[in-house]
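The values are calculated or read from the model by the stated rules, or taken from the named source; none is laboratory data. Treat the numbers as computed from the prediction; the structure is a model and nothing was measured. Using ideal geometry, Cβ is built from the backbone for each residue, glycine included, and neighbour counts are taken over all protein chains shown. Protein only, heavy atoms only, side chains kept; ligands, DNA and RNA dropped before computing areas. Shrake-Rupley method; radii C 1.70, N 1.55, O 1.52, S 1.80 Å.
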Amino acid sequence: LKNWALMGLGCGGGGCVHITDMDTIEKSNLNRQFLFRTADIQKLKATTAAEAVTRMNSAINIKCYNARVGPETEEQFDDDFFEQLDGVCNALDNVQARLYMDQRCIYYQKPLLESGTQGTKGNVQVVVPHLTESYGSSRDPPEKSIPICTLKNFPNAIEHTIQWARDEFEGLFRQQAEDANSYGRDADYIKNLKLHPGTAMSTLTALRDNLVTKKGSSFKECVVWARLKFEELFHNNIKQLLYNFPLDMTTSTGTPFWSGPKRAPSPLVFNAAEPLHVDFILAAANLRAKMFGLAECKDVAAVREALQDVMVPEFVPQQGVKIQVNESEAQQEASGAASGDLDEEVLTRLANDLPPPATVAASPLLAIEFEKDDDTNFHMDFITACSNLRATNYSIANADRHQTKLIAGKIIPAIATTTAMVTGFVCFELYKLVQKAPLESYKNAFANLALPFLSFSEPIAAPKREYKSIEWTLWSRIDIDQGDITLQQFLDHFKSKYQLEVSMISFGVSILYSGFMTSKKKLQERLPMPMSELAKTVTKTDFNDKQRYLVFEVCCTDEDDEDVETPYVRYKFR
C-alpha cells in the first residue's frame with residue numbers, strides 16, 4: 001500500500017484501491033508491518049493501513065472492507081464488484097484462500113499478482129489472462145508429516161515431543177469437552193458413536209471419566225487428575241512399552257530392536273521437588289479447572305500440598321496390549337480398521353454409567369482452543385512441560401518455552417527485508433500489467449536471502465487445447481447470452497454452433513441433464529424448463545437478486561461419438 005500510494009495508484013479520476021482484511025492489529029505485527037504503531041493495537045488492519053497511506057498521499061482513493069473473501073461473502077464481493085476491477089493483488093497466508101482468489105480471477109478474467117514470504121524466502125507469481133497459467137495450475141508438494149508411530153511410541157527429536165504434546169492438549173482439553181457437549185445436545189449421540197468402532201470405546205471411557213468418575217468439582221480434584229495423568233503418560237505408558245519391547249529385544253534379523261531412530265525410553269518417577277514435574281501439574285490442573293468452569297489457582301505451594309494426599313496405584317503391565325511399530329499399523333488403528341476389541345456389552349455398560357444428556361446440556365464443558373500468544377492462560381506452560389517430560393523419557397534435549405512456542409505454533413519468523421523485496425518485485429510486475437506487456441516481459445521471482453539466491457523466470461504460458469479449428473485455454477469459456485433459454489434450446493445451441501452432442505450438464509455438484517437418464521418422464525419434464533428454473537429445482541436453492549450468471553460444466557461428444565473437452569459455460573439468465 002505504501003508503494004502504491006507513492007506510485008500514484010488509484011489517484012486519478014475514477015481510480016480506487018479496494019482492500020479487505022478481517023483481522024485486527026496485534027503487538028507481534030509491529031516488527032514487520034510498518035504502517036502500524038503501538039496505539040493502533042486492536043484496531044482493524046484495513047482501516048488503519050488506509051489511514052496511514054492517505055497521510056502519505058492524500059490523493060489516493062481507498063475503499064476498506066473488513067470481510068474475508070470467500071464463498072460465504074460472494075453476495076458482497078459479487079459480479080458488480082469484480083467486474084469494476086482492473087486486477088487483483090493477493091497478500092494471503094494460506095493456500096486455500098489463494099486458490100479461491102485464483103478461481104475468481106480466472107472467472108472474471110482479471111490479472112493476479114500473487115506473492116508470499118516465509119522467513120528469508122520469498123516468491124512472486126504474475127498471472128495474466130489468456131497469456132499465463134494460473135496460480136492453481138501447479139501445486140507445491142505436501143509438507144512431510146511425522147509418522148504416527150513415531151509420535152506415539154518412538155520419538156527421536158524435540159519436534160516429535162512438541163507435536164505429541166499439542167495432540168495431548170487438543171485431546172484432553174478441547175476434544176473431550178466437545179464430545180461431552182455433543183452427548184448433551186444429541187439424543188442419538190451414543191447410537192451414532194457405535195457406528196465408529198475404532199473410537200467408540202475410548203470416547204465412551206473419556207465421557208465416563210469427565211462426567212462421572214473423575215468429574216472436576218474442585219481444584220483439588222483437578223490436581224489429583226493431573227497427578228494421575230502424569231503417572232499415565234510418563235511412567236505407566238513407558239513401562240508398558242518396555243514390557244512389550246524389552247531393552248534386550250532383537251528383531252527377526254538379529255539386530256537390537258532399540259537401535260537406529262528408536263530410542264530406548266525410561267519411565268519418570270514423580271518428584272514434587274522437580275520444577276518441571278510441578279509445572280506440568282500446575283498447568284494441567286488449571287486447564288482442567290477451566291474446562292469445568294472452576295477458578296484458577298497459581299499457588300504452587302497449595303498444589304504441592306494437594307499432591308501429598310494423592311494415592312497413585314502401582315502399575316502392573318498388561319498382557320495382550322498391541323503397540324504399533326510401523327506406520328501402516330498406526331494408520332490402521334487411527335482409521336478404526338483395527339477394531340476387533342469392540343465389545344457391545346462393555347460399550348452398553350459404559351453408556352449406562354453416563355448421566356442423562358439433559359444434565360450435561362444444562363452445564364456444558366468449555367472446549368479450550370489453543371492460543372499461543374497469551375502467557376497467562378497455561379496453554380504454552382502445558383505444551384512446554386508436557387513436551388519436555390516426554391523428551392526426558394527418551395533422552396532428548398529439552399527445549400525452552402520460546403523454542404517450543406515457535407514449533408507448537410508453527411511460527412516462521414517474518415523478516416521485514418524479505419517483505420520489502422517481495423513487494424518491490426510485485427510493483428515491477430504491476431507496471432508491466434498497466435503497459436499490457438507481452439508474455440516474455442513478465443517475470444516470476446524466487447529468492448532466499450539466507451543463501452543468498454535470486455532467480456527470475458518467465459511465466460509458463462497457458463496450455464492450449466484444440467477442437468477442430470478452435471483453440472482454448474483455462475481462461476476460455478463459452479458465453480451464452482440469449483436470455484433464459486430452455487434445456488432443449490441449450491442442447492440445440494451446442495449442436496448447431498459447435499457440432500457437439502451434450503452428454504451431461506452439471507451445476508456445482510448436481511447433474512441437471514445426462515444422456516443416460518433412465519427416466520424418460522423426468523427427461524421430458526426437464527427439456528422445456530428454462531435453465532435457471534431447472535438449476536433451482538434440482539439443487540433446491542434460490543439465487544440472490546443481483547446474480548446474473550450461472551456456471552455449467554458440460555461433457556460433449558463429436559460426430560464420431562468421441563469425448564471432447566470443452567471450457568465451462570457462463571450462462572447469463574438475467
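Points to keep in mind about this one:
- Computed from the Kirkwood radius of its Cα pairs, the Stokes-Einstein diffusion coefficient for the stretch 143-217 at 10 °C and 1.306 mPa s stands at 112 µm²/s.
- Computed over every Cα-Cα pair of the stretch 232-292 and binned at 10 Å starting from 0, the pair-distance distribution P(r) comes out as 19, 34, 25, 16, 6, 0 percent.
- Selected from 53, 235, 357, residue furthest toward positive end of dipole (the chain; charges at beta carbon): 53
- In Å², nearest 10: area of residue 365 left accessible to a 1.4 Å probe: 20 Å²
- Considering only 226, 260, 216, and ranking their Cα positions along the charge dipole of the stretch 211-288 that arises from unit charges at the beta-carbon of Lys, Arg, Asp and Glu, the one farthest toward the positive end is 216.
- The sum of -39500 (n - 2.57) across all DSSP H runs of n ≥ 4, divided by the residue count of the chain, sets its helix-only mean residue ellipticity at 222 nm to -11500 deg cm²/dmol.
- Carbon/sulfur fraction of accessible area - the chain, other protein chains in place, 1.4 Å, %: 52 percent
- Among 82-95, 178-191, the order from most to least packed when residues are scored by Cβ within 10 Å on average: 178-191, 82-95
- Structural descriptor for the stretch 22-172: relative contact order 12 percent, calculated from alpha carbon pairs under 8 angstrom and at least 6 residues apart.
- Rounded to the nearest 20 debye, the dipole size of the chain about its Cα centre is 960 debye, using +1 on the Cβ of Lys and Arg and -1 on the Cβ of Asp and Glu.
- Student exercise, the stretch 65-184 dipole from Lys, Arg, Asp, Glu Cβ charges, in Debye to nearest 20: 600 debye
- Rg(Cα) / (2.2 N^0.38 Å) computed for the stretch 2-55, rounded to two decimals: 1.21
- Within the stretch 419-574: Cβ-based charge dipole about Cα centre, in debye rounded to nearest 20 (Lys, Arg +1; Asp, Glu -1): 660 debye
- Mean separation of Cα contacts under 8 Å, 6 or more apart, over the residue count of the chain: relative contact order %: 17 percent
- Note on the chain: the alpha carbon radius of gyration divided by the globular reference 2.2 N^0.38 Å gives 1.23.
- Restraint check, 436/495; 144/432; 436/468; 495/572; 2/27, Cα-Cα greater than 27 Å: 436/495; 144/432; 436/468
- Estimated D of the stretch 433-574 in µm² per second, where Rh is the Kirkwood radius over Cα pairs and Stokes-Einstein applies at 37 °C, 0.692 mPa s: 181 µm²/s
- The listed peptides 346-352, 44-50, ordered by packing as a protection proxy, come out as 44-50, 346-352 (highest mean of other Cβ atoms within 10 Å first).
- The listed residues 30, 204, 247, once ranked by accessible area (1.4 Å probe) with the largest placed first, stand as 247, 30, 204.
- Charge dipole of the stretch 4-78 about the Cα centre (unit charges at C-beta), most positive-ward option of 76, 38, 7: 38
- Candidate aspartates and glutamates for bridging to residue 215, where Cα separation is under 20 Å - those fewer than 8 sequence places away on the same chain excluded: 168, 170, 178, 179, 231, 232, 296, 309, 353
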